[in-house]
Amino acid sequence: MKKSSKIVLSLLCLCPVILSACSSVTYHPISLKTNESSFGHPISLGADKFKEDSTITINAAENNPASNPLVAWVKDNEYLVKIAKHTEDARDTSYSFAVNADTAGEYTAVFQENNASSMMYAFVSDISLSINGEEKEEFEYNLSYAILSSGSNNYLPYEDKIGNEYKTNILYFDATNSNYEFKFKVDGSFNMVGAESEEKIAFTNLTCGTWISMSNFESCKMLEFDFDFVDSINTPGTGKFTISLEKFSVENFDAATQI
């Protein structure tokens, strides 16, 4: 056999290996669970790993749609990724997303509890700022929260954009673990109209020493951060930054998404 023929045959034998290496596929794990099996369950996906960039749809079956409807999908007990919609004509309980490293994880179908105190998931439903007793319509802020299990001063950014994929943090209370307690810190600024001009006034490191837990949630679900300030011409003023928290429920989500 000629040398050139041997080279061609060798290359042909290598082709499957080369093609296999070039077309390797990445798979990511996706798992589903429920907050309460007696209320409903996620519908099986038929697999626990999925091809990168493929699109999958997760859904849940409701055992008691009237009393315990699906209210949301939560990822890794950290992010609100879907608020279920219930109307007279349709029930929107599914959630579709592209599979990748960011979307890989565990998704919980959260059903409405019979008793609100049993609900382990909460969210920031409203934020407001009042200056000298008058509510400001426009202001800037950065909200952070600390989890007791991670250290009392290890603050993490809290994104509170309702319904914004993977950027809406939540508060998750594990009833069996006392370390699932939270506290908040806020920095921000607002514009103050003075006698001669408008100026920006900042407030920083406003903290609340109260740890929010399952047991004290109802008494602590409205947090107020009071502060004093002085403008450029030494006129004193007072401010109040308020965070409102609510447990997951159809009613609370409907109210929050109307803001």
Quiz item: Where nothing but the Cβ of Lys and Arg (+1) and of Asp and Glu (-1) is charged, how large is the charge dipole of the chain around its Cα centre, in debye to the nearest 20?
Solution: 2000
Quiz prompt | Rounded to the nearest 20 debye, dipole of segment 27-114 from Cβ charges on Lys, Arg, Asp, Glu | solution = 120
Quiz item: Each residue of segment 93-98 in turn: what ³J(HN,Hα) in whole Hz from Karplus with 6.51, -1.76, 1.60 and θ = phi - 60°, glycine and Pro shown as x?
Solution: 10, 8, 9, 10, 7, 7
Quiz item: Given C-alpha coordinates of the chain, what is the ratio Rg to Rh with the Kirkwood estimate of Rh?
Solution: 1.17
Practice problem: Would you kindly compute the Cα radius of gyration of segment 165-222 and its largest Cα-Cα separation (Dmax), both in Å? | Solution: 17.2, 57
Quiz item: Fully extended, how many nm does the chain gain between Ser118 and Ser96 (0.36 nm per residue separation, minus their Cα-Cα distance)?
Solution: 5.1 nm
Quiz item: Taking segment 121-257, how much of its Cα-Cα pair set, in percent, is spaced more than 18 angstrom apart?
Solution: 58
Quiz item: So what is the diffusion coefficient of segment 27-77 in µm² per second by Stokes-Einstein at 25 °C and 0.890 mPa s, using a Kirkwood Rh over Cα pairs?
Solution: 201
Quiz prompt | Kirkwood Rh and Cα Rg combined as Rg over Rh, evaluated for segment 44-181 | solution = 1.01
Quiz item: Normalised by the number of residues in the chain, what is the relative contact order in percent for Cα pairs under 8 Å and 6+ residues apart?
Solution: 17
Quiz item: Any idea what the relative contact order of segment 121-257 is, in percent, if you count C-alpha pairs under 8 Å spaced at least 6 apart?
Solution: 30
Self-check item: Bins of 5 Å from zero: percent of alpha-carbon pairs in segment 27-114
Solution: 3, 15, 27, 25, 17, 9, 5, 1
Practice problem: Could you work out how far apart the two model spin labels at Ile162 and Thr87 are, taking each label as a point 7 Å from the Cα in the direction of the beta carbon, and quote it in nm? | Solution: 1.7
Quiz item: What is the spin-label model distance, in nm, from Asp48 to Phe229 if the labels are put 7 Å beyond Cα along the C-beta direction?
Solution: 5.2
Self-check item: Diffusion coefficient, µm² s⁻¹, Stokes-Einstein with Kirkwood Rh over alpha-carbon pairs of segment 105-201 at 20 °C and 1.002 mPa s
Solution: 132
Quiz item: Hey, which lysines would be in cross-link range of Lys221, C-alpha to C-alpha under 26 Å, not counting anything within fewer than 8 residues on its own chain?
Solution: Lys75, Lys82, Lys85, Lys136, Lys161, Lys167, Lys183, Lys185, Lys240, Lys247
Self-check item: Top positive-direction residue, dipole computed over the chain with Cβ charges, set Tyr121, Phe39, Phe225
Solution: Phe39
Practice problem: Pick out which of Glu246, Glu52, Glu140 has the largest mean-square fluctuation in a Gaussian network model of the chain, springs linking Cα atoms closer than 10 Å. | Solution: Glu140
Quiz prompt | Acute angle (nearest 10 degrees) that the helix 3-22 long axis makes with the longest principal axis of the chain, alpha-carbon atoms | solution = 30
Self-check item: Under 15 Å, Cβ to Cβ, from Asn77 - net charge with Lys/Arg +1 and Asp/Glu -1
Solution: -2
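Each value in this text was obtained by applying a stated rule to the coordinates, not by laboratory testing. Keep in mind that this is a model prediction, so the values were computed, not measured. As a convention, Cβ positions derive from the backbone with ideal geometry for all residues, glycine included, and neighbour counts pool all protein chains shown.
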